[in-house]
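Before any comments, here is the structure.
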Amino acid sequence: MNDEPHTPTERVFLITGASSGIGAATARHACAEGWRVVLAARSQERLEALAEELGGSGRALAVRCDVTDWDDQQRMVSEAMSAFGRVDAAFANAGFGGPRGFLKDTPEHWREMVLTNVYGAALTLRATIPALTDTRGHLLLTSSVAGRRALPGSMYSCTKHAVTAMGEAARQDLQGTGIRVTLIEPGMVDTPFFDNRPTEALKDDDIARAVMYAISQPPHVDVNEVLVRPTAQQG
Ligand SMILES: NC(=O)c1ccc[n+]([C@@H]2O[C@H](COP(=O)([O-])OP(=O)(O)OC[C@H]3O[C@@H](n4cnc5c(N)ncnc54)[C@H](OP(=O)(O)O)[C@@H]3O)[C@@H](O)[C@H]2O)c1
């Protein structure tokens with residue numbers, strides 16, 4: 001029996017929210033370092049264009065998945081297993097924000113945000129933990145600086161506090177499985193997350209490098225949280 005760890009070229013990284021911003025940048029960095037990637041989001045055409053850019057079906061698989069839908073999440077993992085036979089890292093990254101002020105946003109938008117940012121992340125954990133158990137893999141979740149300190153009137157900040165708790169709850173729950181858990185906590189990043197794109201913000205590549213740092217550590221090192229602000233960000 002071969003007990004050697006799998007080489008990076010064999011490893012598979014599943015990323016939700018991969019059609020844009022931090023998820024797409026992470027997919028590019030992971031591919032450049034020899035990982036195969038599973039790209040999940042709702043925008044099928046964008047995912048397919050990215051999969052093509054990253055080398056096509058042997059290297060990158062595009063899977064349409066609405067993270068709020070349990071059937072989609074299960075299908076995402078089963079398509080990953082059919083294509084590549086394993087999942088070594090899973091990044092629950094899909095999410096979006098909304099206006100601050102408890103009277104500003106609509107209840108319907110709150111509902112979508114909570115379902116996507118919190119329930120969707122939990123479903124990604126649930127769907128990927130069996131495959132990650134087999135590989136003694138790595139689970140990552142995108143929280144935020146807004147998941148470490150409350151922002152005024154921000155329901156988004158509430159959802160990201162839930163994600164921060166989810167990462168620590170998962171870390172404790174998965175003790176003994178060999179699965180490592182990392183919370184990625186970005187400050188302001190210049191992505192389509194913002195309708196009005198910020199200046200003096202991080203680039204999506206800056207967060208992708210933080211993800212790659214966490215997943216490139218040796219098996220006995222579990223990087224639990226990485227909080228990255230732009231140098232110019234105060235709060
Ligand atoms: N930008 C920032 O300053 C910042 C700071 C801290 C944390 N974050 C977090 O970072 C993560 C990525 O955001 P980003 O900045 O990269 O923004 P982005 O470019 O807008 O990317 C968001 C991604 O989430 C996907 N998504 C949204 N709803 C989804 C759903 N129901 N099902 C599946 N995928 C869904 C989008 O794809 P589709 O629309 O194609 O589905 C897209 O790929 C989010 O969790 C966000 O909260 C961002």
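Condition test on residue 77, is it within 23 Å of residue 186 (Cβ to Cβ) and either in contact (Cβ under 8 Å) with a residue 12 or more places away in the chain or out of contact with any Asp or Glu (no Cβ under 8 Å at 6 or more places or on another chain) (or both)?
No.
Take the conditions open to solvent by less than 10 Å² (accessible area, probe 1.4 Å) and within 15 Å of the ligand (Cβ to nearest atom) and apply them to residue 185. Does it pass?
Yes; evaluated as a whole, the condition is true for this residue.
Residue by residue through the range 79-103, note down the ones that are part of a helix (DSSP H, G or I), away from the ligand (no atom under 16 Å from the Cβ) and surrounded by fewer than 19 Cβ atoms within 10 Å (Cβ to Cβ). Give the steps one after another, and end with the answer.
So the first thing to find is which residues in the range 79-103 are part of a helix (DSSP H, G or I), and the list is 79-84.
This time we only want the ones that are away from the ligand (no atom under 16 Å from the Cβ), so: 81-84.
Within the range 79-103, 81, 82, 83 qualify.
Identify all residues within the range 9-39 that are among the basic types (Lys, Arg) and either near the ligand (Cβ under 8 Å from one of its atoms) or outside any loop (DSSP other than H, G, I, E, B) (or both); write none if there are none.
From the range 9-39, those among the basic types (Lys, Arg) are 11, 28, 36; that's our starting set.
Selection gives 28, 36.
For residues that are open to solvent by less than 70 Å² (accessible area, probe 1.4 Å) and in a loop (DSSP other than H, G, I, E, B), tally how many sit in the range 217-235. Before you say what the answer is, go through the steps one by one.
Of the residues in the range 217-235, the ones open to solvent by less than 70 Å² (accessible area, probe 1.4 Å) are 217-218, 221-224, 226, 228, 230, 232-233, 235.
Within this subset, residues satisfying the condition of being in a loop (DSSP other than H, G, I, E, B) are 217-218, 221-224, 230, 232-233, 235.
Counting residues in the range 217-235 that are open to solvent by less than 70 Å² (accessible area, probe 1.4 Å) and in a loop (DSSP other than H, G, I, E, B) gives 10.
Test each condition in (1) modelled with pLDDT under 95; (2) in contact with a Lys or Arg (Cβ under 9 Å, 6 or more places away or on another chain) for residue 8 and report the one that comes out false.
Result: residue 8 fails condition (2) only.
If I ask for residues that are open to solvent by less than 60 Å² (accessible area, probe 1.4 Å), in contact (Cβ under 8 Å) with a residue 12 or more places away in the chain and outside any helix (DSSP H, G or I), which ones from the range 196-216 would you list?
201, 202
The values are calculated or read from the model by the stated rules, or taken from the named source; none is laboratory data. For clarity, every value in this text was computed on a predicted model and none was experimentally measured. Every residue, glycine as well, gets a Cβ built from its backbone with ideal geometry; the counts of neighbours run over all protein chains shown. Quick note on the areas: whole protein, heavy atoms, side chains included, nothing else; ligands and nucleic acids left out. Shrake-Rupley method; radii C 1.70, N 1.55, O 1.52, S 1.80 Å.
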